[in-house]
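Colleague: Sharing a structure, written as structure tokens. Questions coming.
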Amino acid sequence: MTHALPELPWALEALEPNYLKSTMEFHYSKHHQAYVNNLNKALEGLENFANLPIEELMTKVNEIPAEKRQPVINNGGGHYNHTLFWFIMGPNAGGNPTGALAEEINKSFGSFDKFKEDFAAAATTQFGSGWAWLTWCPENNKLLIEKSANQDNCLMNSKRKPLMTIDVWEHAYYLEHQNLRPRWIETFWKLVNWTAVADNFEKAKAGKTILEIKQTAKA
Ligand code: MN
């Protein structure tokens, strides 16, 4: 399959003023596109992996021959992570989660405020480029907060399922916030589409694929 930049569920300017169109123009149209292009290149000659949907590919990166593995981790992670990131944000979003997700957050972290505090701490303390995550661990039926460096994610080395994520690479927030990562994290709460995160939670619990991304079969 050929991986492609996923169509966004909202327009590039839809998250303004919290997330600028100019940021989206380079973050989505340039950075994310480069990950997609480089992933397609990295998969050349890897027949057993080239036809896997991106989420499944992430779970199999360690089976890729060592000398060809890192470019797939970097660029496949870049494609997967950014796609999840776009899909859990939206216009007119923010606020609080509801329903089963809200209950599980309270159970796992004590309260929504405590969850936000712990998630922000993970995002703030990720040294250098990386991501913070809310994940579901099916082995003990628990929500977890975690962080990862570069374009790594927990699909690559665990059974855990990413439900939401924040990009803390400087390119994600530099135009709006320059070096002030905590201010970006504070703004991020206004962008989270909790309906999308709750949907991911239901899929994770049911063992379903979370990110359905269109891929084109190779001719
Ligand atoms: Mn990014």
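Every read-out reported here was derived from the displayed coordinates using simple, explicitly stated rules and does not represent laboratory data. The shown structure was predicted, so the numbers you read here are calculated from the model rather than taken from an experiment. FYI the Cβ positions are ideal-geometry reconstructions off the backbone, even for glycines, and counts take in every protein chain you see.
Colleague: With a point put 7 Å past each Cα toward its Cβ, work out how far Leu8 is from Ala66 in nm, to one decimal.
Modeller: Inter-label distance under the simple model: 4.1 nm.
Colleague: Further question: If I stretch the segment between Ser129 and Glu103 completely, what's the gain in nm (0.36 nm per residue apart, minus their alpha carbon distance), one decimal?
Modeller: Residue separation times 0.36 nm, minus the Cα-Cα distance, leaves 6.2 nm.
Colleague: Moving to a separate point now. Quick check on the range 52-119: take the gyration tensor over C-alpha atoms, sort the square-rooted eigenvalues as a ≥ b ≥ c, and tell me if it's rounded (a/c under 1.5), prolate or oblate.
Modeller: prolate
Colleague: Given an 8 Å cut-off on Cα distances and at least 6 residues of separation, report the relative contact order of the chain as a percent.
Modeller: Taking the mean separation of contacting Cα pairs over the length of the chain, I get 27 percent.
Colleague: Within the range 23-124, list the GluC sites (Glu not before Pro) lying in a DSSP loop whose Cβ has at most 13 other Cβ atoms in a 10 Å radius.
Modeller: Filter output for the range 23-124: Glu44.
Colleague: Tell me which GluC sites (Glu not before Pro) from the range 165-219 have a DSSP coil assignment and no more than 16 other beta carbons within 10 Å of their own.
Modeller: Loop-located and lightly packed - Glu212.
Colleague: Additional query: Among Gln126, Gln70, Gln33, determine the one that fluctuates most according to a GNM of the chain built with springs between C-alpha atoms less than 10 Å apart.
Modeller: Gln70
Colleague: So what's the angle, to the nearest 10 degrees on a 0 to 90 scale, between helix 194-205 and the longest Cα principal axis of the chain?
Modeller: So the helix axis and the longest Cα principal axis differ by about 60 degrees.
Colleague: Let me ask you something else. How much length is gained on full extension from Glu25 to Thr195, taking 0.36 nm per residue of separation minus their Cα-Cα distance?
Modeller: 58.7 nm
Colleague: What shape does the range 1-94 take by its C-alpha gyration tensor, where a ≥ b ≥ c are the square roots of the eigenvalues and a/c under 1.5 counts as rounded, a/b above b/c as prolate, and the rest as oblate?
Modeller: Judged from the Cα gyration tensor, the range 1-94 comes out prolate (a/c at least 1.5, a/b above b/c).
Colleague: Okay, helix-only estimate at 222 nm for the chain: each DSSP H run of n ≥ 4 adds -39500 (n - 2.57), divide by all residues, round to 500 deg cm²/dmol; what do you get?
Modeller: -13000 deg cm²/dmol
Colleague: Return one quarter of the surface area of the convex hull spanned by the alpha-carbon atoms of the chain, equal to its mean projected area, in nm².
Modeller: Across all orientations, the chain yields a mean hull projection of 11.6 nm².
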